[in-house]
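The values are calculated or read from the model by the stated rules, or taken from the named source; none is laboratory data. All of these numbers come straight from a predicted model, not from anything done at the bench. With ideal geometry, Cβ positions are generated from the backbone for all residues, glycine too; neighbour counts draw on all protein chains shown.
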Amino acid sequence: MSEPIVHIARLNSWYGRGKGRKQVLRDVSLKLAPGEVLGVVGESGSGKSTLAKCVLGMVTDITGTLEVNSPRPQMVFQDPYGSLNPAKTVGWILEEPLRTAGVKDKGERRQRVRDFLPLVGLEEEHLARRPAQLSGGQRQRVAIAAALIQGSRLIVLDEPVSALDVTLQAQILRLLADLKEELGLSYLFISHDLAVVYQLCDRVAVMTGGEIVEEGDVDEIYDHPRHAYTKKLLAASLALD
Amino acid sequence: MKVKKKSWYLTIGGILTACMLAFTATGLFWTPYSPTAMSAPDRNAPPSAAHPFGCDQLGRDVLSRTLEGAGSTLTIALAVLVVGAVCGLVIGALCGYYGGVADALIMRLCDAVAAFPSVLLALVVLALTGPGKYNVIGALGVLFIPSFARLVRGEFLKYRDRDFVQSARLMGVSQLRIIFIHILPNIWPVLLSGLTIGFNNAVLAEASMSYLGIGVNATEPSLGYMLKDAQGVLFTLPWCTIFPALAAILLILGVGLLGEGIRERMGGTAA
Ligand SMILES: Nc1ncnc2c1ncn2[C@@H]1O[C@H](COP(=O)(O)OP(=O)(O)OP(=O)(O)O)[C@@H](O)[C@H]1O
Ligand SMILES: [Mg+2]
């Protein structure tokens, strides 16, 4: 196997300072290989988003090993309303990553944005709109495009479809799978929904209370869950279907 | 999103403000008579076709003087706003975005300044510097900084941890660009409505100071100065008081309604 794109070993993380300092992640270890999709599931408050923030360098109070071998990993957030600047147009939002990356020529930026649109299933007419004038699914497509357009290979997705209804969920998941193949991406995919994880992920890590209690191939975990907490999660998700 | 109802505040406030601005702008370039020309036969003349606002006890045309006074009041209020809003914006934005010890100290200082009525503080400052247009602008401008800083800081606190800001950080956008290009456009509506309140406060503060005789000089009379000047003839020559007062009231009312309209519109579209 080639060098992992994310290598985490015995990672601990804290929030707050002094008396209020609270440990969230406990001895978390995981690896993400290039081109792989690793799911992280767990209940609310288990530390999934914290793990994502660590990978992105947004949590600095940590101990342990954290290696990220990909420049500028990007994130796709749960709520595509909050992750897009309400005061800007879609065109501006998609040009900004290129502007930041040093593409000075306006014409070139515009062209690259236009070239990117079909990849995420958007039309040119969307460029002049503001996020509030798009549907939830379209907004999430814009957010995905903004995360990818700089050319990042590692994408952290924090509940990217949880705010969408089921048909839209399927569409966005298919889009993510296609983009992964086409652009050679690696995903750290966070979700509380095992069914969603099953559709997209190669491997899955199960988290509870800031610890990873079980990790393995998706099929393996589904068919032969070992940890009691995983069994509970599975039972809950089957009960929903 | 709430259903947007037709806002008459915005319409009426806009029209009134536009009229008053036109009136005032006229006064900056043209007055029917010279505001200082005294004409003996017209002394104490009530409103007539030749002098629609009448004349004062020195025979000066009240319309011309009101036009000039409104111009003076407007320029002072706008200059005070520029000083207060620009400084307040920069301070509030940096404090709200970065937080920390500097923020705490600066906000404590703002609280201290804001604890006194600004007119009172301005009076103290002017007692030291002497009266005059630029001293009024400087004193009031500085005293207006805290309220703007506070307003802007609150908005930046709201936005600095939003997902779209975090996303910009991940992309490598510079901090200053995030502050002024990414976040600032989102707070324009709030700032705009703050500016209308600030404008009215500036007009009132300038008027009170001139009325108390510590504002502008007689060479550049504002509306407040005219009111003070007409105090002695309030009952004998009421037009000397009524028209400048009316101009000030309509200006404040128009801008106030405009601000209310903006706030209302904001409430309807905010996410
Ligand atoms: N900025 C923060 N400061 C202090 N504590 C935090 C902060 N962010 C999260 N926490 C705490 O850390 C713990 C883990 O939070 P985290 O957001 O990682 O959970 P999560 O698994 O993503 O949950 P969810 O499914 O609800 O998104 C929670 O107890 C939360 O209250
Ligand atoms: Mg989370």
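Data for the structure
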| read-out | value |
| --- | --- |
| Failed item, numbered, when A:Pro34 is tested on (1) within 14 Å of chain B (Cβ to nearest Cβ); (2) in contact with a Lys or Arg (Cβ under 9 Å, 6 or more places away or on another chain) | (1) |
| Among the candidates B:Arg169, B:Arg153, residue that is more than 12 Å from chain A (Cβ to nearest Cβ) and either modelled with pLDDT of 95 or more or under 21 Å from A:Gln150 (Cα atoms) (or both) | B:Arg153 |
| Selected residue [facing chain A (nearest Cβ under 10 Å) and within 30 Å of A:Arg72 (Cβ to Cβ)] from B:Arg160, B:Arg177 | B:Arg177 |
| Any hit, the range B:202-213, residues being within 13 Å of chain A (Cβ to nearest Cβ), within 28 Å of B:Arg265 (Cα to Cα) and outside any loop (DSSP other than H, G, I, E, B) | no |
| Any hit, the range A:2-22, residues being of a type in the set (Gly, Ala, Ser), over 30 Å from A:Glu125 (Cα atoms), within 16 Å of ligand 2 (Cβ to nearest atom) and touching a Phe, Trp or Tyr at 6+ places or on another chain (Cβ under 8 Å) | no |
| The range B:17-66, residues that are surrounded by fewer than 20 Cβ atoms within 10 Å (Cβ to Cβ), in contact with a helix residue (DSSP H, G or I) (Cβ under 9 Å, 6 or more places away or on another chain) and within 30 Å of B:Glu260 (Cβ to Cβ) | B:Ala18, B:Cys19, B:Leu21, B:Phe23, B:Ala25, B:Thr26, B:Leu28 |
| Meets criteria (more than 28 Å from A:Leu185 (Cβ to Cβ) and either surrounded by 15 or more Cβ atoms within 10 Å (Cβ to Cβ) or more than 16 Å from ligand 2 (Cβ to nearest atom) (or both)) for A:Ala205 | no |
| Helices (runs of 4 or more DSSP H) within the range A:77-184 that include 1 or more residues within 11 Å of chain B (Cβ to nearest Cβ) | A:90-100, A:136-148 |
| Evaluation of A:Pro71 against (1) in a loop (DSSP other than H, G, I, E, B); (2) crowded, with 17+ Cβ neighbours inside 10 Å; (3) in contact (Cβ under 8 Å) with a residue 12 or more places away in the chain; (4) within 14 Å of another protein chain (Cβ to nearest Cβ) (one fails), failing number | (2) |
| Scan of the range A:4-20 for residues that are over 17 Å from A:Arg203 (Cβ atoms) and either within 21 Å of the chain's Cα centre (by Cα) or modelled with pLDDT of 95 or more (or both), ordered by number | A:Arg10, A:Leu11, A:Asn12, A:Ser13, A:Trp14, A:Tyr15 |
| Condition broken by A:Ser13, with the remaining ones in (1) within 16 Å of ligand 1 (Cβ to nearest atom); (2) in contact with a Leu (Cβ under 7 Å, 6 or more places away or on another chain); (3) of a type outside the set (Lys, Arg); (4) within 14 Å of chain B (Cβ to nearest Cβ) satisfied | (4) |
| Members of the range A:16-27 that are without any contact (Cβ under 8 Å) to a residue 12 or more places away in the chain and either assigned to a strand (DSSP E or B) or within 9 Å of ligand 1 (Cβ to nearest atom) (or both) | A:Gly16, A:Gly20, A:Lys22 |
| Every residue from the range A:176-235 that is in contact (Cβ under 8 Å) with a residue 60 or more places away in the chain, farther than 24 Å from A:Val120 by Cα and β-branched (Val, Ile, Thr) | A:Val204, A:Val206, A:Thr208, A:Ile212, A:Val218 |
| Residue count for the range B:131-185, restricted to those that are farther than 27 Å from B:Ala112 by Cβ, of a type in the set (Asp, Glu) and in a helix (DSSP H, G or I) | 1 |
| Checking A:Ile93 against (1) away from ligand 1 (no atom under 16 Å from the Cβ); (2) more than 19 Å from B:Tyr159 (Cβ to Cβ), the condition it does not meet | (2) |
| Residues of the range A:28-68 that turn out to be over 14 Å from A:Gly210 (Cβ atoms), within 13 Å of ligand 1 (Cβ to nearest atom) and assigned to a loop (DSSP other than H, G, I, E, B), as a count | 3 |
| Close pairs from the range A:45-57: first within 20 Å of A:Asp193 (Cβ to Cβ), partner within 6 Å of ligand 1 (Cβ to nearest atom), Cβ under 6 Å, at least 6 apart | A:Gly47/A:Val24; A:Lys48/A:Gly42; A:Thr50/A:Val24 |
| Within the range A:69-80, considering residues that are in contact with a helix residue (DSSP H, G or I) (Cβ under 8 Å, 6 or more places away or on another chain) and away from ligand 1 (no atom under 16 Å from the Cβ), the one farthest from A:Asp217 (Cα to Cα) | A:Arg72 |
